[in-house]
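The values are calculated or read from the model by the stated rules, or taken from the named source; none is laboratory data. Small disclaimer: the values here were computed from a predicted structure and weren't measured. Don't worry about glycine lacking a Cβ; one is built from the backbone with ideal geometry, like all the others, and counts go over all protein chains shown. Areas reflect the complete protein model, heavy atoms only, side chains present, ligands, DNA and RNA absent. Shrake-Rupley method; radii C 1.70, N 1.55, O 1.52, S 1.80 Å.
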Amino acid sequence: MNIDKLSTFLGKEQISTEPSTLKLYGKDWTKHFTANPSAIVFPKNTAEVKKIVQWAIETKTPLVPSGGRTGLSAGAYATQKEVVVSLEKMNQILDFDDVERTVSCQAGVVTEALQNYALDRNLYYPVDFAARGSSQIGGNIATNAGGIKVIRYGLTRDWVKGLTVVTGKGEILELNKSLVKNASGYDLRHLFIGSEGTLGFITECQIQLTHQPKELKVFLFALPQLEAIMEVYKSFSKNFALSAFEMFTDVALKYVRKQGHVNSPLEIDAPYYVLVEIEEENDSSLDIAMELFELNLEKGLIVDGTLAQNSQQAKDIWRLREDITEATTEYSPYKNDVSVRVSKVHEFIVSMDKILKADYPEFDVVWFGHIGDGNLHINILKPQQLNSETFMKKCHDVDDKLFALIEKLGGSISAEHGVGLVKKPFLHHTRSPEEIAYMKAIKTAFDPHQILNPGKML
Ligand code: MLT
Ligand code: ZN
């Protein structure tokens, strides 16, 4: 059997065909797919990844790269007997450059471990999201992960100074080598960021760290109507470099409350909530924020609100937003993760709300998102009695309307979760035929044998 040949260069403990391991590593957090890998391998370094790719070319075996398996577009699913290459054992931080404040690490380093490594040096790795405790830096790079601080610090792409990759030809490339300035032609590093494992394996990376923010202040506001969301955003973003502006609905809050871990500190219930985080840059920052809060209250744009008085209260407010994914996962949500330009968010949410109310009257729709990035997460929860197939069909029927709206507004069918298997049929709403043809040509250049994450994205 082909798999046996792997043991000529991998240890016994690095190869598994054990059913529970296949089930666990053959998937990510996405629902509605079935994992069906033929084996899972656990390389320990770039040289071993190279050998695995060479073996895959020789034996024509498709490979699926796998990180923390927290993806939500089925980008790390093995559904067709592929061999899954888990980067989990490549979890070493290799080096720290205290002149540049860059850290070199293997791809399997967990996001939170990198954040803590930075904090230990009085520094900060600002890309952050609820899956920080399991997601891995390689997976974050492969999907250009965003999260809750993009409004202030940008995407994963903005923090990657260099990459080591193994292409689908089995070649090792060192991309950008941590240079700040490098005008020597195409920056292939950026092609690999967001490539979802279709061009090669990201095995090591150099990540920029930054200074820690000053004290963060967290507000929670209750809003009486849809129109208030962007008005409140405008008033705060005009005065502050916001470090977060997150929104969720009363339906989202209902599911978080149901879990019983945390409750809303507000006295008045409202259809919409926004979490606003600012950095206390100087003595007057908080006074200005409180004035804005009162002004918006007077205008009726906010009906209730609170400012966290200590770090525990701030954490609890953040949990109301961050726990939504976990609180809804048992309802097998069908997820849409869309974006439009920030200036078009209002038009988008008003039209989207009409579509959702008209077409999903019988389903609970949980929507929330990173309003300041123009990114909304729309989750349709599956009623227990409905089978998965009928549910998915109903969701896809509404997708047509939703994606037509996105196309009209010049938005994207995937803001930060990636394309994977879930959004592949809809890519044409965001990318032109010419663009998709160039993407396919790039894929062929790096993966001529078509062994890397087949069937994903393109
Ligand atoms: C989030 O913003 O919480 C994540 O993108 C996860 C999700 O959408 O479920
Ligand atoms: Zn998100």
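Hey, among THR46, THR79, which residue is in contact with an Asp or Glu (Cβ under 8 Å, 6 or more places away or on another chain), of a type in the set (Ser, Thr, Tyr) and away from ligand 2 (no atom under 16 Å from the Cβ)?
Of THR46, THR79, the one residue that is in contact with an Asp or Glu (Cβ under 8 Å, 6 or more places away or on another chain), of a type in the set (Ser, Thr, Tyr) and away from ligand 2 (no atom under 16 Å from the Cβ) is THR46.
I'm checking my understanding of the structure. Among residues of segment 107-135 that are among the aliphatic types (A, V, I, L, M) and within 16 Å of ligand 1 (Cβ to nearest atom), which one is farthest from ILE202 (Cα to Cα)?
Per the criteria, the residue is ALA130.
Suppose we filter VAL109, VAL166 for residues that are in contact with a Ser or Thr (Cβ under 7 Å, 6 or more places away or on another chain) and in contact (Cβ under 8 Å) with a residue 12 or more places away in the chain; which single one remains?
The match here is VAL166.
Could you tell me which of the residues SER264, SER284 is surrounded by fewer than 17 Cβ atoms within 10 Å (Cβ to Cβ) and either over 30 Å from PHE33 (Cα atoms) or within 16 Å of ligand 2 (Cβ to nearest atom) (or both)?
SER284
In segment 336-366, how many are surrounded by fewer than 21 Cβ atoms within 10 Å (Cβ to Cβ), among the charged types (D, E, K, R) and over 16 Å from ASP250 (Cα atoms)?
6
On the given criteria, is GLU231 farther than 29 Å from GLY418 by Cα and charged (D, E, K, R)?
yes
For LEU381, all conditions in the list (1) among the hydrophobic types (A, V, I, L, M, F, W, C); (2) out of contact with any Gly (no Cβ under 8 Å at 6 or more places or on another chain); (3) farther than 25 Å from LEU220 by Cβ; (4) surrounded by fewer than 22 Cβ atoms within 10 Å (Cβ to Cβ) hold save one; what is the number of the exception?
(3)
Would you mind telling me which numbered condition in (1) of a type in the set (S, T, N, Q); (2) modelled with pLDDT of 95 or more; (3) open to solvent by 20 Å² or more (accessible area, probe 1.4 Å); (4) over 26 Å from the mean Cα position of the chain (by Cα) GLN313 fails?
(4)
Conditions tested, residue by residue: (1) open to solvent by 10 Å² or more (accessible area, probe 1.4 Å); (2) away from ligand 2 (no atom under 15 Å from the Cβ); (3) closer than 18 Å to ASP337 by Cβ; (4) not in a helix (DSSP H, G or I).
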| residue | (1), (2), (3), (4) |
| --- | --- |
| GLU112 | yes, yes, no, no |
| GLN115 | yes, yes, no, no |
| ALA118 | no, yes, no, no |
| ALA131 | yes, no, yes, no |
| GLY147 | no, no, yes, yes |
| ASP158 | yes, yes, no, no |
| GLY162 | no, yes, no, yes |
| VAL166 | no, yes, no, yes |
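Mind counting the residues in segment 354-412 that are within 16 Å of ligand 2 (Cβ to nearest atom), in a helix (DSSP H, G or I) and among the β-branched types (Val, Ile, Thr)?
Here the count works out to 1.
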